[in-house]
């Protein structure tokens, strides 16, 4: 799991970094002395876990949690022993660690994240793996889970921090990355043909040199993805 | 209060990793004087909220150096400051001096 550390105190960051280094499941990508810089970083980088100090001048850890629309799992680090109740007001917060953090307590916290992630994965319905056997994908739009039939998805396009999912009937904008949704899609139906596009290749109408036509949409094919597309086609 | 700092937590954190231990001590030695200076400045300027903020930060170093009594003093002092009182100021300064002297020895 990729993680970052946010704390205005260098000593505190060093403690967490050292504890992470002893935990094979964790990979520290970066550390920040303020939450604003971390938010900028998270706008273009997927992170699984944030170790977040609550008490920082100016923009606090709570401000940070409230600002993120789709926060990763968060473990709070705090010097305040009575922070426990407030810690669980936010769904993303998995645990809180009181400084000085001991290796034993840290391990328990990491286990909580692993459990939370496992439980999250069980709740997601990827290709046809649900109890009903249906091939659906649930997307979160304004706190509503909308079911999409995988076979009805035509194109998925990256749009900065969002993706546009175009189906036979309508189009949805979801706050996630192409990489994340790709993991939920069955390879037998979907293929990434460009860094910004995943297509349902059963919906291809025709293919020209560097593009495919799906309904009325012309989608570019990148040079690196072209061989895989050609391999998947049933060529005469 | 004459509680003495020690490295038992740092040793627990470092294990056999002497490189980390040295680097960690070096970080504390660099960071603490700046925090103390900022604390003194805030006290001089009677900025109680800012003083409380820096006391909050410094108290973590007390706990890192296994100074439990000093940590409790800092918690109480921080609360006092947030209420506009400075009763524990001299006692807190004395702990800062103990810590400063200790850091020169490691």
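Against the numbered list (1) closer than 14 Å to residue B:2 by Cα; (2) without any contact (Cβ under 8 Å) to a residue 24 or more places away in the chain; (3) within 11 Å of chain A (Cβ to nearest Cβ); (4) surrounded by fewer than 21 Cβ atoms within 10 Å (Cβ to Cβ), residue B:75 comes up short only at (1).
Residue under question is residue A:232, and the condition is that it be in contact with a helix residue (DSSP H, G or I) (Cβ under 7 Å, 6 or more places away or on another chain), on the phi < 0 side of the Ramachandran plot and at pLDDT below 90; does it hold? Yes.
Residue A:8 meets all of the listed conditions (1) out of contact with any strand residue (DSSP E or B) (no Cβ under 7 Å at 6 or more places or on another chain); (2) within 12 Å of another protein chain (Cβ to nearest Cβ); (3) closer than 23 Å to residue B:75 by Cβ but one, namely (1). Evaluated against (1) away from chain B (no Cβ under 14 Å); (2) surrounded by 15 or more Cβ atoms within 10 Å (Cβ to Cβ); (3) within 30 Å of residue A:158 (Cα to Cα), residue A:44 falls short on exactly one condition, (2).
Tallying residues that are part of a loop (DSSP other than H, G, I, E, B) and more than 8 Å from chain A (Cβ to nearest Cβ) within region B:16-34 yields 1. So which residues in region A:201-225 are surrounded by 16 or more Cβ atoms within 10 Å (Cβ to Cβ) and part of a strand (DSSP E or B), if there are any at all? Answer for region A:201-225, where residues must be surrounded by 16 or more Cβ atoms within 10 Å (Cβ to Cβ) and part of a strand (DSSP E or B): A:204, A:207, A:212, A:214, A:217, A:219.
The values are calculated or read from the model by the stated rules, or taken from the named source; none is laboratory data. It should be emphasised that the depicted structure is a prediction, and the values quoted were computed from it without experimental measurement. All Cβ positions, glycine included, derive from the backbone under ideal geometry; neighbour counts span all protein chains shown.
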